[in-house]
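First up is the structure itself, then whatever we jot down about it.
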Amino acid sequence: MNFMSSLALSTDLYELTMMAGYYTAGLDAPATFELYVRELPPNRSFLVAAGLEQALAYLEGLRFTDEHIAHLRGLPALRGVRREFFDEYLPRFRFSGDVWAVEEGIPVFPPAPLLRVTAPLPEAQLVETALLALVAFQTSVASRAARIVEAAAGREVVEFGARRAHGIEAGVLAARAAVIGGCDSTSNVEAGRRYGIPVSGTMAHSWVTAVPTEIAAFRQFAGIYGDRTVFLLDTYDTIAAARWVAASGLAPAAVRLDSGDVIALSREVRAILDATGLRATKIFASGDLDEWRIAAIVQAGAPVDGFGVGAALSTSSDAPSLGAIYKLVEIERGGVPVPVMKRSPGKQTYPGRKQVWRLFEHDTAVEDILEVEDAQGEPVRVEPPYAVRPLLVPVMRGGRRERPPVPLADLRARQLAATARLPAAVRRLAEPARYRVRLGSALQSAVERFG
């Protein structure tokens, strides 16, 4: 059994009570749910779709084992459910639906769907919790990473956050999402093994404090790792350590600054290294960095060649809960698909299956149009110089994937190219411009029919 096939009970109880209720009531008609975010978090001007690969693996491998079923039989909440649900339905359960999604690495804007699921109602309901967890977390991390990479302005960015993540698996998935968002490498070895991500690491302060003198610590480390050596300078005194390195005859690949005034320290360290011919030795900064601190370092012209970013990425600290939702938008009644709409104040949904059309002018995205899927109107009829492209593509049919997983390096390249097509004013950190998302004419008419 693979990891994803063991996740059948990684859901909320109400998903199972509703699933059993639908089964008991004979409500198994095809239904469509959409996963999306109502509003951007503060300080975010766009999201980057991520987590789709894990979502598809979950759907394709979803099974109820004998152990799962025995546990469910004993839940008080399910005691009124017919025996056939446990004896016949759950042992044979497989996800058999279709999925359309925004491809990983593509920038998205609320309230456009990231994912659309069409399946028999019990199946489509069960998967809500897992899909939200898998897609929303990685989307939030990838979105933060894109901002951090933008702030770094071409300098190397390494994901350093495994030790701050909310669990070991979260750290692995955060590393994956961070690379989709544009990071160059990760410190997480398991993420490197699983996804082919380049791994990076330096030394810890404990190496320096474990050896009697700082220069002895540097010499011993360099003796092991040679031209790959990166020295951590701030264990005692950053400038004194830089002078030790400069006078030692050693030629480390880089030095790392992990505390203090990075702007001032990097300038002084650069001058010390350059004065002794160590111009090829790079300066790497870490220590509670985020896009704002990185932007300040870059804008100051500090001679920092790369950044290690931890908690800001692995916990998506500015928006740790993205607030994604998964709502029913259409259900088949009497063989006819019927749009449905929730009208709760502040939590309204839009009816029917939808497509997202991105409008470009000279290869720059200018707006998104949210339209019912079968509309033959404005979103697909534009005049030059405009071009329009659909964002939701089929990724699963009949419970089976339409295509193999995309290599992570390709997802990263896709994201960098797609994000570069957003207007510069939308991408900027401070007071970004709002990207326009509007309802198409057919969807607007459908909303009005619901009153």
Per residue Cα convex hull volume in Å³ - calculated over region 312-451: 184
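Provide, for the chain, the number of lysine pairs with alpha carbons under 25 Å apart, each pair being eight or more places apart or on different chains.
The number of close lysine pairs in the chain is 4.
Divide, for the chain, the radius of gyration over alpha carbons by 2.2 N^0.38 Å, where N is the residue count.
On the way: Rg = 25.6 Å, N = 451, 2.2 N^0.38 = 22.4 Å.
For the chain, the normalised Cα radius of gyration is 1.14.
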Can you put K354, K342, K347 in order, fewest other beta carbons within 10 Å first? K347, K342, K354
Rg over Rh of region 1-66, using C-alpha atoms and the Kirkwood radius, what does it come to? 1.06
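By DSSP, what percent of the beta bridges with both residues in the chain are antiparallel, rounded to the nearest 5? Please report the intermediate quantities before stating the final value.
Values: 42 of 62 bridges.
Restricted to the chain, the bridges split so that about 70 percent are antiparallel.
Go ahead and estimate [θ] at 222 nm for the chain from helices alone: -39,500 (n - 2.57) per DSSP H run with n ≥ 4, summed, over the residue count, rounded to 500. Let's see the in-between values first.
Numbers: 16 runs with 164 residues, N = 451.
Result for the chain, helices only: -11000 deg cm²/dmol.
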Region 148-173-region 181-199 distance, computed between alpha-carbon centres (Å): 9
Share of Cα-Cα pairs in region 146-277 lying beyond 25 Å, as whole percent: 35
Need the full-extension length gain, R92 to D28, defined as separation in residues times 0.36 nm minus the C-alpha distance. One decimal, nm. 21.5 nm
Which value, in Å to one decimal place, does the Kirkwood hydrodynamic radius take for region 1-119 when every pair of different Cα atoms is included? 16.3
For Q444 and L75, FRET efficiency with R0 = 41 Å and r from the beta-carbon atoms, rounded to 0.05? 0.40
Which value, in Å to one decimal place, does the Kirkwood hydrodynamic radius take for region 192-349 when every pair of different Cα atoms is included? 19.0
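Read-outs: derived from the displayed coordinates by stated rules, not from any lab. Just so you know, these numbers come straight off a predicted model, no measurement behind them. Quick reminder, even Gly has a Cβ in these numbers, built from the backbone with ideal geometry, and neighbours come from all protein chains shown.
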